[in-house]
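S.K.: Please see the structure below; I have some questions.
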Amino acid sequence: MEISSILGMSPEGFHKVSYTRWGNKHNPAVVCVHGLTRNARDFDWLAEALSHSYDVVCPDMVGRGLSDHFKVPIHYNIPQYMSDCNALIARLDVPHVDWIGTSMGGLIGMSIASMTGSPIRRLVINDVGPFIPSSALEYIHAYCQKDPVFKQFEEAYAFFKKQYAGFVSKDMPDYWAHITKHSIKTMPDGSFKINRDPHVSAELPGALSQDIDLWAFWDKITCPILVLRGKKSEVFPADVLTEMKRRRPDIEIAEFDNIGHAPSLAEADQIERIQAWLA
């Protein structure tokens, strides 16, 4: 695995977008994009497994991980992320990519895949649909507002294990240690904070009074699609998945027991399902 970066462009000027890269650069490209408050290292298990056959690229979207932060919070938005991902794909210099997107990463993927001439060849959507009810947005907004300070690593570990309990179906100490390590930064006084801009959810307050409706985008997507869903998901209602299937009968679906929002893609059955579909 190597870590590199590209330059994205926004109304503020240029900004660094960091990414991890796994596997042989001459293999087919897979781009993995994380959820609203997460970062590229969430995909380490999946990326390592896919790296034997694919060139796997996982960006830290601006405001997260090792990427730069914006000064103006409203610049954190889907069109900006689409622009940054387009720059990343251009860096790869490939005609097309397969896309794996968790939550926000799935929304970005759907948006890009719906466009004429899209470089997305195949699309894996992890625990999000083209319709998100306002109740789910309130759930997301509530945890996005948290910006705690941890005195000890163990405090951060306990926080992430509780905050993202729905990610996994069983106790996975190594997983939580990894997530914690790559989700915090050390402050000058030796304490720890989450390594993301707490303003990445700036768009949400205005959206809380209404649902997010992207069915018009969904109806324009023509590439093959695999949809993953945690059966206990707070963000991806089962009836939305049913409607996705009604509109696109050819999509494939995989649901996972004892998982909420969103499947970690670090458990063997999830990784194997994606590998089989991409093969």
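A short reminder: the numbers here are calculations on the coordinates, not readings from a lab. Predicted model, so just to flag it, every value in this text is computed and none were measured. As a convention, Cβ positions derive from the backbone with ideal geometry for all residues, glycine included, and neighbour counts pool all protein chains shown.
S.K.: Which is in a strand (DSSP E or B), under 29 Å from Pro237 (Cα atoms) and of a type outside the set (Asp, Glu), of Val124, Val128? So that I can check it myself, show each step before the final result.
M.R.: Values: Val128 fails: in a strand (DSSP E or B).
Within the list Val124, Val128, the selection yields Val124.
S.K.: Does any residue in region 228-239 that is free of Cβ contacts under 8 Å to residues at least 40 places away in the same chain come within less than 9 Å, Cβ to Cβ, of a residue that is in a loop (DSSP other than H, G, I, E, B) six or more places away or on a different chain, and which pairs are these?
M.R.: Lys231/Asp257; Lys231/Asn258; Lys231/Ile259; Lys231/Gly260; Ala238/Lys231
S.K.: Another one. Pick from Val227, Val235, Val200: which is aliphatic (A, V, I, L, M), within 23 Å of Asp60 (Cα to Cα) and assigned to a strand (DSSP E or B)?
M.R.: Working: Val235 fails: assigned to a strand (DSSP E or B); Val200 fails: assigned to a strand (DSSP E or B).
Result: Val227 is the single residue among Val227, Val235, Val200 that is aliphatic (A, V, I, L, M), within 23 Å of Asp60 (Cα to Cα) and assigned to a strand (DSSP E or B).
S.K.: Can you tell me which residues in region 162-180 are within 18 Å of the chain's Cα centre (by Cα) and either not hydroxyl-bearing (Ser, Thr, Tyr) or not in a helix (DSSP H, G or I) (or both)? Full working, then the answer.
M.R.: Of region 162-180, the ones within 18 Å of the chain's Cα centre (by Cα) are 163-168, 175-176, 178-180.
Correct list: Gln163, Tyr164, Ala165, Gly166, Phe167, Val168, Trp176, His178, Ile179.
S.K.: Are there any pairs, at least 6 apart or on different chains, whose C-beta atoms fall under 8 Å, with the first in region 78-104 and over 17 Å from Ala47 (Cβ atoms) and in contact (Cβ under 8 Å) with a residue 60 or more places away in the chain and the second in a helix (DSSP H, G or I) and of a type in the set (Phe, Trp, Tyr), and if so, which?
M.R.: Hits for this filter: Met104/Tyr81.
S.K.: Say we look at region 36-67 and pick out the residues that are part of a strand (DSSP E or B) and in contact with a Gly (Cβ under 8 Å, 6 or more places away or on another chain); which of these is surrounded by the fewest Cβ atoms within 10 Å (Cβ to Cβ)?
M.R.: Quick first cut of region 36-67, residues part of a strand (DSSP E or B) only: 55-59, 64.
So of that shortlist, the ones also in contact with a Gly (Cβ under 8 Å, 6 or more places away or on another chain) come out as 55-56.
On the way: Asp55: 20, Val56: 28.
Going through the qualifying residues, I end up with Asp55.
S.K.: Taking region 253-279 only, how many residues are over 23 Å from Thr242 (Cβ atoms) and touching a Lys or Arg at 6+ places or on another chain (Cβ under 9 Å)?
M.R.: Matching residues across region 253-279 total 2.
S.K.: Quick check on region 152-201: of everything there that is without any contact (Cβ under 8 Å) to a residue 40 or more places away in the chain and among the aliphatic types (A, V, I, L, M), which residue is surrounded by the most Cβ atoms within 10 Å (Cβ to Cβ)?
M.R.: Ala156
S.K.: Further question on the same structure: What's the number of the condition Ala254 fails, among (1) free of Cβ contacts under 8 Å to residues at least 12 places away in the same chain; (2) of a type in the set (Gly, Ala, Ser); (3) touching a strand residue (DSSP E or B) at 6+ places or on another chain (Cβ under 9 Å)?
M.R.: The single condition Ala254 does not satisfy is (1).
S.K.: Select from region 71-98 the residues that are in a loop (DSSP other than H, G, I, E, B) and touching a strand residue (DSSP E or B) at 6+ places or on another chain (Cβ under 7 Å) and write down the one among them that is surrounded by the most Cβ atoms within 10 Å (Cβ to Cβ).
M.R.: So the first thing to find is which residues in region 71-98 are in a loop (DSSP other than H, G, I, E, B), and the list is 71-72, 76-77, 93-96.
Checking the rest, the ones that are also touching a strand residue (DSSP E or B) at 6+ places or on another chain (Cβ under 7 Å) come to 94, 96.
Details: Val94: 16, His96: 14.
Among those that are in a loop (DSSP other than H, G, I, E, B) and touching a strand residue (DSSP E or B) at 6+ places or on another chain (Cβ under 7 Å), it is Val94.
S.K.: Taking the condition over 23 Å from Phe167 (Cα atoms) and within 17 Å of the chain's Cα centre (by Cα), does Asn77 pass? Write out each step before concluding.
M.R.: On the way: over 23 Å from Phe167 (Cα atoms): yes; within 17 Å of the chain's Cα centre (by Cα): yes.
In short, yes.
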